2 protein chains.
Amino acid sequence: MRLSQFHLATVKEVPADAEIASHQLMLRTGMIRKLASGLYTWSPLGLRVLRKVEAIVREEMNRAGALEMLMPTIQPKELWEETGRWQKFGPQLLKINDRKEQAFCYAPTAEEVITDFARNELNSYKQLPVNFYQIQTKFRDEIRPRFGVMRAREFLMKDAYSFHLTQESLAETYEAMYQAYTRIFTRLGLKFRAVQADTGAIGGNASHEFQVLADSGEDAIVFSDGSDYAANIEKAEALAPAMARPAPSAELKRVDTPRVRTVDDVTAHFGTSPDRVLKTLLVKGRDGLVALCLRGDHEINEVKAAKLAELPDESVLATEEEILAATGTRPGFLGPVGLPDSIPVIVDRSAAVLADFICGGNADDTHYSGANWARDARLTRVEDIRQVVAGDPSPDGNGTLQFARGIEVGHVFQLGSKYAQALGATVLDEQGKAQVMLMGCYGVGVSRIVAAAIEQRHDEAGIVWPEAMAPWRVAVCIINPKRNPDIAAAAESLYRELSERGIETVLDDRGLRPGSMFADMELIGIPHRVVVSERGLAAGTLEYRARDAEENRAITRDELFQLLD
Amino acid sequence: MRLSQFHLATVKEVPADAEIASHQLMLRTGMIRKLASGLYTWSPLGLRVLRKVEAIVREEMNRAGALEMLMPTIQPKELWEETGRWQKFGPQLLKINDRKEQAFCYAPTAEEVITDFARNELNSYKQLPVNFYQIQTKFRDEIRPRFGVMRAREFLMKDAYSFHLTQESLAETYEAMYQAYTRIFTRLGLKFRAVQADTGAIGGNASHEFQVLADSGEDAIVFSDGSDYAANIEKAEALAPAMARPAPSAELKRVDTPRVRTVDDVTAHFGTSPDRVLKTLLVKGRDGLVALCLRGDHEINEVKAAKLAELPDESVLATEEEILAATGTRPGFLGPVGLPDSIPVIVDRSAAVLADFICGGNADDTHYSGANWARDARLTRVEDIRQVVAGDPSPDGNGTLQFARGIEVGHVFQLGSKYAQALGATVLDEQGKAQVMLMGCYGVGVSRIVAAAIEQRHDEAGIVWPEAMAPWRVAVCIINPKRNPDIAAAAESLYRELSERGIETVLDDRGLRPGSMFADMELIGIPHRVVVSERGLAAGTLEYRARDAEENRAITRDELFQLLD
């Protein structure tokens, strides 16, 4: 591509609402332009990158035997009502009335439509397994769209749905998709981790998120330094400590602690460390209040807590009034000693092995020291209810856990029979009996990958694309062609030869000054820059610089071809 | 592709609402499935065809120097109000409120968004000309969606928009797009015509429709048998007859004609032919009624009539009451003789050369014979206001006009300054002066092409794809592999070799009986079918049949490769 015949419109200023690097750089390079909140136009430059991601996703899905199809973006309410998601999806679902006042939505995902397709098209176990996918525009009416295409309302997504007779077959396709995703992100040249994810309310059997690693990532992920274990923080298990609970050695002592409310207050007052302190949360359970006890240095994991039989799917803390009514004290002085028998006491694994601990006294301005389970405090059940912390042992027994930040760009999920059951999608098995199919679903945020890659790979000068995602692999820059026509001719010839070798090349023939030209090529992140200059022409060399290098180096044409092969 | 690993689901029955061949065949082959009125899911089979069309369109747009980009499907009301189209587009525009009650529409076309993009991105004449395009889902809320994807509500369209400083530059890009479209439809292997089209209310300078020829087409197109002139019927000019008007030779005679109202009645009553009869229509003009006079064998062309200065953009016939009030008679007895002076008399070119004609008497149950212009009847102006008919001379002077039916699949249009003016899209010219840009727009109905191709190319057995659009070029069918394992091996080896040669091949390894297998391959329109059978294996030949041939022929492997090269 000759840049003189392309539309490149880099800009210096970036709107103040662009908070993160990828959003800023996509605007500065002109890859995207905002049309309205959460709606972006992809310019020719941006689309070149988006299409490369799309092509790799498509190739790997096809290689894995998935069949591409295309579903409408506008989908009828009736179908979404069959699964109950017309209501349950909430206000993110963009609802639409057509001219006849029939209700539709703009699909944020396509389980309903594909399962409807499957119940009509699939009749026999002989047609299974089958894995359908599409790469199609989606819409989620985010309450607060932000970060450019990272959390846009309209976005490009690859969504796949597989259908099975048996769990074994589902697990096989799930594994194939896991491998396909691994190949996708490896080919894209991104650092990523496949992390175990919680299956949430759907209650499927297995789920992994594919996370592109970036310090600015919204998601906390944990991984082992001694194995390939990785999980998102909601899912990561905190193992029970290997040690047994020591026998009590101190007396239970009631201590006046005026205005000592927080864990910090308590450690300062008692001259101890937070891992010797027990904190108690009172939450609203399905039948009355429930006490959750953790070590002072640990935090509650709400996803784990939501799985307790005593708690609803979304639990909330008891109010100050409710706490006062139930215990006679205020938050800050709660503890398991002397708590009314009606309140179950669920204790985190790490907190359950404490002895001689400090906890609230269930009376204002009062704590206990030397408290012990069983002897002093009732313990209903021990559970894993906390967030893991760096240094925890890895749940697979190998190594210790480390933290990283990630951006979710892919998700594989064993849905089980949820949607097929709701829509009555059955096939006849070998015995001629109707069986509800099992399903898996597999998403990739195609447009989001572009932003995630930039978050992971940028510097002060701009984007540092991996080769597979760059709008062009090579930029050929011409210095002062008007003073020396040989330069233009040499650059043209180099550009032609690179193109003929199938190396995507952009020729910067805009006639800009070198500084502006180089700044543009660095900003838009072209991996390889070659300069044809008067001096180089005389010496028979080209000035070459890799995007991530500090210095130019002089190389011959042949060396350049070798390097790009 | 091995068919055993594909999802092919042909069906025998077709819903009664599928009226035309393409709709029926797309359902029978399983290419599409209906989700709701005007909304279709493209199955893996259908999508293979759609993507081939899309790829050819993209290649030719790129070759012509157009730059691909991607605009949101959901677009804000504010922008559509700037051009007035929020109202003017009518109920086909699908309007949507988001969760914050902001109004949007699902784009049926993207002039507003691209012109907004251009006014922000293009500042200097140096950036011109530029031609942006996208291949993106569109939505039109048709009152009566029908014919499957031929007139669906959601559809895939390629829309391009070019920007220019001068009319000369616009004309150049328009010509380049015309040539690109010609290449697209030629490569697709379709019989088509580029026909002159009316520029309508937008009033641009030039417009051509690309019509795929098919007897079932909705559009009437006319073409010359002696040149490459072609136009849609609205646009086709009816030349003035070469002859001058003969001098009057008959007396004007008032004739009682009870109940003689229609042209047929008149010709029967007077024993003459309709080309000797003048018919008169009274329509509501901008200032009172206007008379339009045509030969009895001609029909009014409403698009031409709408361009008369006296008429509004959409004119309607006067009511019986209005006619009675203005002329004292009822429809059926109108004529130019004695019509009140306040009513302009616009006469079609062919009617203007009539002499001694028959016309209504402007009194109930009365006609005139021997009527003549000037002597008996006032003639305000002669205009081309009729539909052309077969046998009319071609407007370019070469040959006579013939009729055909077509399906509009592409449209190129010189928009001029309409949208750029409305949105204030200007660039600085060489003198540093702001100039409103000129625009062209260029659409291709990507999904519609698939249906149009089927309308043009099908027979009783099913679709007859041109090579470029076929889901696969070749089908390799295996007969009785279980009885003779050599057959399966030979078919596998043939399949592999074809695939390695880059020839898209499907291996029918489903183990069906020959009849079912052949019926499927003919139904889905595979251009080349090769059968590996016991007999052929013994003779060292393959049974080959082209989709459009009547008979099999035995050919060798090498002959097959030659044939497909």
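Bear in mind these aren't lab numbers, they're just calculated from the coordinates by the rules spelled out. Everything numeric here is computed off the predicted structure, so don't read it as measured data. All Cβ positions, glycine included, derive from the backbone under ideal geometry; neighbour counts span all protein chains shown.
Among rounded, prolate and oblate, which fits region A:363-498 when a ≥ b ≥ c are the square roots of the eigenvalues of its C-alpha gyration tensor, a/c under 1.5 means rounded, and a/b larger than b/c means prolate? Oblate is the answer for region A:363-498, as a/c is 1.5 or above yet b/c matches or exceeds a/b.
An ellipsoid equivalent to the protein assembly as shown, defined through the eigenvalues of its Cα gyration tensor, has semi-axes of 67, 37, 35 Å when rounded to whole angstrom and sorted largest first. With respect to chain B, whose longest principal axis is taken over its alpha-carbon atoms, helix B:44-63 is tilted by about 70°.
Applying a DSSP loop filter and a limit of 16 other Cβ atoms within 10 Å to the GluC sites (Glu not before Pro) in region A:282-355 leaves A:Glu299, A:Glu314. Projecting 7 Å from Cα along the Cα-to-Cβ direction, the label point of B:Val303 sits 6.0 nm from its equivalents in the other copies, listed shortest first.
Take each residue of peptide B:71-79, count the partner chain Cβ atoms within 10 Å of its Cβ, and average: the result is 6.
Distances between equivalent label points of A:Phe270 across the copies, with each point positioned 7 Å along Cα→Cβ, amount to 11.6 nm, shortest listed first. Debye calculation, C-alpha points only, no solvent: report log10 I(q)/I(0) for region A:253-383 at q = 0.13, 0.14, 0.15 Å⁻¹, in the same order as the q values. Rounded to two decimals, the profile gives -0.46, -0.54, -0.63.
Residue and whole-Å distance for the chain B Cβ lying nearest the axis of the B-onto-A rotation are B:Ile96, 2. Peptide B:119-128 is shielded by partner chain Cβ atoms: per residue, an average of 2 of them sit within 10 Å of its Cβ. Using the Cβ-Cβ distance between A:Leu379 and B:Arg99 with R0 set to 45 Å, the FRET efficiency from 1/(1 + (r/R0)^6) comes to roughly 0.50. Averaged over the residues of B:129-135, the number of partner chain Cβ atoms lying within 10 Å of the residue Cβ comes to 2.
Taking Cα atoms only, the orientation of helix A:514-523 departs from the longest principal axis of chain A by about 40 degrees. In chain A, the longest principal axis of the Cα atoms and the axis of helix A:111-121 are about 80 degrees apart.
Under 1.5 on a/c is rounded, so check that first for region A:1-101, then, if it is not, pick prolate when a/b is larger than b/c and oblate when it is not; a ≥ b ≥ c are the square roots of the alpha carbon gyration tensor eigenvalues. The shape class here is oblate. Once the chain from A:Arg510 to A:His269 is taken as fully extended at 0.36 nm per residue, the excess over their C-alpha distance is 79.7 nm.
Amide hydrogen proximity for A:Gln435: with H placed 1.01 Å from N in the peptide plane, the residues at 5 or more positions away or on another chain lying under 5 Å are A:Val427, A:Leu428, A:Asp429.
Packing, taken as the mean count of other beta carbons within 10 Å per residue, orders the peptides A:91-103, B:50-62 from highest to lowest as B:50-62, A:91-103.
Over region B:472-564, all Cα pairs binned in 10 Å intervals from 0 give whole-percent P(r) values of 17, 57, 26, 0, listed from short to long. Segment B:Ala220..B:Thr166, full-extension length gain: 16.1 nm, with 0.36 nm per residue of separation and the alpha-carbon distance subtracted.
A simple rule links phi to the HN-Hα coupling: the Karplus curve 6.51 cos²θ - 1.76 cosθ + 1.60 with θ = phi - 60°, which for region B:527-533 gives x, 10, 10, 10, 10, 9, 10 Hz, with x for Gly and Pro. When each of the peptides A:28-41, B:487-500 is scored by how many other beta carbons lie within 10 Å of its residues on average, the order from highest to lowest is A:28-41, B:487-500. In this assembly of identical copies, the label point of B:Asp365 (Cα plus 7 Å along Cα-to-Cβ) is separated from its counterparts by 11.7 nm, sorted shortest first.
Take the Kirkwood radius over Cα pairs of chain A, plug it into Stokes-Einstein at 37 °C and 0.692 mPa s, and you get 119 µm²/s for translational diffusion. Could you compute the FRET efficiency for B:Glu59 and A:Ser227, with r as their C-beta to C-beta distance and R0 at 60 Å, rounded to 0.05? E(calc), rounded to 0.05, equals 0.80. Place a label point 7 angstrom from the Cα of B:Asp486 along the Cα-to-Cβ direction, then list the residues of region B:496-525 whose backbone nitrogen is under 20 Å away. In region B:496-525, the label zone of B:Asp486 (backbone N under 20 Å from the point 7 Å along Cα→Cβ) covers B:496-497.
Taking each DSSP H run with n ≥ 4 as -39500 (n - 2.57) and averaging over every residue of chain B yields -8000 deg cm²/dmol at 222 nm.
The distance between label points at B:Asn120 and A:Val255 comes to 6.1 nm (points 7 Å beyond Cα on the Cα→Cβ vector). Shape of region B:85-165 from its Cα gyration tensor (a ≥ b ≥ c, root eigenvalues): rounded if a/c is under 1.5, otherwise prolate when a/b > b/c, or oblate? Since a/c reaches 1.5 but b/c is at least a/b, the shape of region B:85-165 is classed as oblate.
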